[in-house]
Every structure is written in C-alpha cells, then in structure tokens.
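Here it is, the structure, as structure tokens.
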Amino acid sequence: MEMTMNAYVTGLARVASAAPVALTDTSVEDRLRAFINGRVFDRPTLVLDCDAVVAKYHALARGLGQGTLIHYAMKANPAPEVLRALAAEGCGFDAASRGEIELALAAGAVPEKISFGNTIKRGSDIAYAHAHGIDLFAADAEAELDKIAAHAPGARVFLRVLVGATGADWPLSRKFGCAPEMALRLMDRAAYLGLRPVGLSFHVGSQTRDPGMWTETLDAMAEIWQAGRAQGHDLTLINIGGGFPAFYGDPVLEAETYAARVAALVQARFGAATVMAEPGRGLVAEAGMIVAEVLLVSRKSEDDLCRWVYLDIGKFSGLAETMEEAIRYQFETPHDGGELGPCIIAGPSCDSADVLYETRPMQLPLALAAGDRVLIKATGAYTTTYSSVGFNGFPPLDLVVI
Ligand SMILES: *Cc1c(COP(=O)(O)O)cnc(C)c1O
C-alpha cells in the first residue's frame, strides 16, 4: 500500500512539472491533492477549495476594475459554503429561479445584490423575488416584460440581446436574447408598462478563451446602446454576462489579465456606464477536482487499437459538459509518466449516450486498470448540479468543500 501511494504521488509530481506553462494556480491543485491523497471515497466526489473561489473572485474583481458589479452565476456551483464565502466578500449573485434566490438569501446576500437574470421566469418566482426586495430582472420578449410588470411593478429591467457565434467552447447561442431591433422595441414596451429599462445584457458564450472574441459583440452592443439612448432611454447598466474561461489544458490567460482585457474593451465603448459581470465557470471551475475510479478497462476485439475505459462517473453523474466533447477535462492517474495509448472514455450507466470522449480518444497510461483512482481536474463548475438523482442506481456526484 505504501509503495502504491508513493508511486502515485511521484506520478502526479511528474505530471505537474510537465505542464506546459503555469497557467493555473498549482497551489490550489496541490491543496486538493493533499486532501484527496490517503482518503477513501466510496463514490465519485467533487472536492472544492473554497479559498480558491474567493481568490479567483478577487482576481476577477481586480481585473474588471473597481465599480464593476460581479454577480456570480450560481448555477455553476451553488454549494452553500461557496455562496456564503462570496457573499461575505461582497460578491453579488445572478439567480435563475426562486430556488437559487432562496439559496443566495440564505447565504447572506442582500437583495440589492441579486439579479434575476433568467429570461424565462415563472410568474410566481418573479413575485417572490419582488416581495424579497429584488429589483433587477432580465427579459428578451414582450410577454416576459408583461409578466415582470404584473408581478414586479416598477422594477428595473435589462434586455438580453442575441449575439452571433463568438467561438466559445460552450456556446449559448439562439436560446437566449432577442435581435437588436427587437431590444429597442422592448425598451419602449418596458417603459410603457411602467418598468425601468436600465440596460442591456449578453453572453459571449461560456469558455471564451480569447478576450479578443468579445470585440465584435461589444461593438454590436454599443450600437444598440447608442440607439436606445437616442430613443430617450436612460441606459446605465451594461451586463457583460459570463464567458470567463478556466484552464482545461488549452492555454488561457490568467483570470486578472483576461478580465482586464475585457474591461478595457468595455470601457472604450461604454465609458461611464455601470458594468455588471456574471462569471460562473471562471470563478469555480479550477477550484475543484473530482475523485473517480476506473471500473473496467477493455477492448472490443483482440486487435482493437483503442481501449475502453469505463469510469464510475459519466454524463449523467456530473460530466454533462462532455456533451459533443465540448469540454475536455484533464485526467490524472496513478500511472502518469508511463507509456500511453488511446482510450475511449465512458461512464458506468447502461445508456449508450454515456460516452465522454470517443471522437477524439484520450491518451491514458497503458497500465490503467480497474480500481485505479482517477482525478479529473478543473471540475468545480457545472458538475454537481448536472448530476442525475440516481440514474441506474449510481449515486449523484458527492461534494466536499474544504
Ligand atoms: C450561465 C450564465 C452565466 C455564466 O456563464 P459562464 O460562462 O459560466 O461564466 C452568466 N450569465 C448568464 C445569464 C448565464 O446564464
């Protein structure tokens, strides 16, 4: 056992030193490994370092600049410990439902720092938000404005605008936002309904690795902004949404630098406006590491070049963002440093959709075998809440906050 542990730790050290550039805070990973090593986990578990989330919040805040309102997109990871820590630092929250609002309030957030940013809201949820002092709502349709006017009369609204493809790894196109011309009409409509149209919002797409990709979208937003003001609306709030990237192996800028680049692009176009940002992934992804286990390594025929590696975690138990292989997580195994071979990675459930990486197989050590522990890096975002309640009897992703 001692031998195994030592080999394991050495293997990890080799991987860490072979990393191309120190683009990620290795001390966070070290803290997570220190917690994980030597502990037994009887089911897939996300270990999340709360201090790392707080540190990332401050890095983004420094980069975005004083005066920028950061509203954490809590769907990325609504762990109460994380919400409490962020609320204590003065961070705001972007909620999508009554459930998320309740979590934010329970974590100590003041209603003035909570926005209801989902463009698809239940009327009773709007009323609940309004009754609890929340006064900022998103909309991208006339019928949604009608709902807000009915359940939160006089509230401030921002209009979500549809943006074109920006090259994000996880695009948020089409479902949210309206065309620019419609946004202008909705400003008039909101004012007519007694609401206060205060600004615009957009989302460049999650995991937008290059800050330069914001330029085109911001140009388009600035045009609508000017037109809205010319139309007589006192627009004061530009909500730049999320999109701040995490390190999954492909180079990304350090959070503060990335945020500063984006802030400069925003500042050049919106000057004195109040800026709001809604980072989700960028705040929490790198703070977490999933501990998983190999259940089976097999080949489909004697001469199969690719091994199949079945883990105890899959698409239905936390790794939903592997859909279309959009997000490619980095794996660590006890055999890192040894000879590699291509693997198709799959989850444990009896559903053929539960395959994580097949189009682009992953290179993993040939020595990998059932019972091996696998660490999946930068999995603090969009994992616990994407986990089914117990498909096929497999337990949902467990969470430990350190
Ligand atoms: C999900 C979401 C975010 C967070 O996006 P990330 O790319 O994870 O930062 C921000 N704003 C809205 C409205 C969202 O729906």
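How big is the C-alpha Rg of region 236-336 next to the rule-of-thumb value 2.2 N^0.38 Å, as a ratio?
1.55
Helix 142-151 versus the longest principal axis of the chain: what is the Cα-based angle in degrees, 0 to 90, to the nearest 10?
Roughly 80 degrees, rounded to the nearest 10.
While we're here: I'm checking a number: the convex hull volume of the Cα atoms of region 31-74, normalised per residue, in Å³. What is it?
So the per-residue Cα hull volume is 82 Å³.
Also, I was wondering about something else. Taking every pair of alpha-carbon atoms in the chain, what share in percent sits in each 10 Å bin, from 0 to the bin with the longest distance?
5, 22, 30, 23, 13, 6, 1, 0
May I ask you to compute the full-extension gain from THR274 to GLU339, defined as 0.36 nm times their residue separation minus their alpha-carbon distance, rounded to one decimal in nm?
18.1 nm
Using the Cα centre of the chain as the reference point, and only Cβ charges (+1 on K/R, -1 on D/E), how large is the resulting charge dipole? Debye, rounded to the nearest 20.
Here the size comes out at about 800 debye.
While we're looking at this one, here's another question. Return the ratio Rg/(2.2 N^0.38 Å) for region 50-116, where Rg is computed over Cα atoms only.
1.01
Tell me the GluC sites (Glu not before Pro) within region 298-356 that lie in a loop according to DSSP and have at most 13 other beta-carbon atoms within 10 Å.
Here the GluC sites (Glu not before Pro) that fit, given the DSSP loop and packing criteria, are GLU302, GLU339.
I would also like to ask the following. Longer than 30 Å from Cα to Cα, which of LYS56/LYS315; LYS75/LYS300; LYS75/LYS147; LYS113/LYS315; LYS147/LYS315; LYS147/LYS175 are they? Say none if no pair is.
Table pairs above 30 Å Cα-Cα are LYS75/LYS300; LYS113/LYS315; LYS147/LYS315.
Taking the Cα centre of region 41-136 as the origin and placing charges on Cβ (Lys, Arg +1; Asp, Glu -1), which of HIS71, GLY108, CYS50 is farthest toward the positive end of the dipole?
Positive-most Cα among the choices belongs to HIS71.
Based on Cβ point charges of +1 for Lys and Arg and -1 for Asp and Glu, what charge dipole magnitude is obtained for region 152-234 about its Cα centre, in debye rounded to the nearest 20?
380
Between GLN66 and LEU296, what's the calculated FRET efficiency when r is the beta-carbon distance and R0 is 51 Å? Round to 0.05.
The computed FRET efficiency comes out at 0.45.
Can I ask one more? At what distance in nm do the modelled label points of ALA369 and ALA150 sit from each other, each positioned 7 Å from its Cα along Cα→Cβ?
Using points 7 Å along Cα→Cβ, the separation is 6.4 nm.
Hey, if you put +1 on the Cβ of every Lys and Arg and -1 on every Asp and Glu Cβ in the chain, which of ALA61, MET289, PHE244 ends up farthest toward the positive end of that dipole?
ALA61
Here is a follow-up. Towards the positive end of the charge dipole of the chain, with charges on Cβ (+1 Lys, Arg; -1 Asp, Glu), say which of ALA353, LEU145, SER387 has the farthest Cα.
Checking the options against the dipole of the chain, the answer is LEU145.
Could you run the Debye sum over the Cα atoms of region 51-284, one equal point scatterer each and no solvent, and tell me log10 of I(q)/I(0) at q = 0.09, 0.11, 0.14, 0.17 Å⁻¹, two decimals?
Values returned for q = 0.09, 0.11, 0.14, 0.17 Å⁻¹ are -0.33, -0.50, -0.84, -1.26.
Coordinate-derived values only; no laboratory data. All figures in this text were calculated on a predicted structure; none of them were measured in a lab. Glycine gets a Cβ as well: all are built from the backbone with ideal geometry, and neighbour counts include every protein chain shown.
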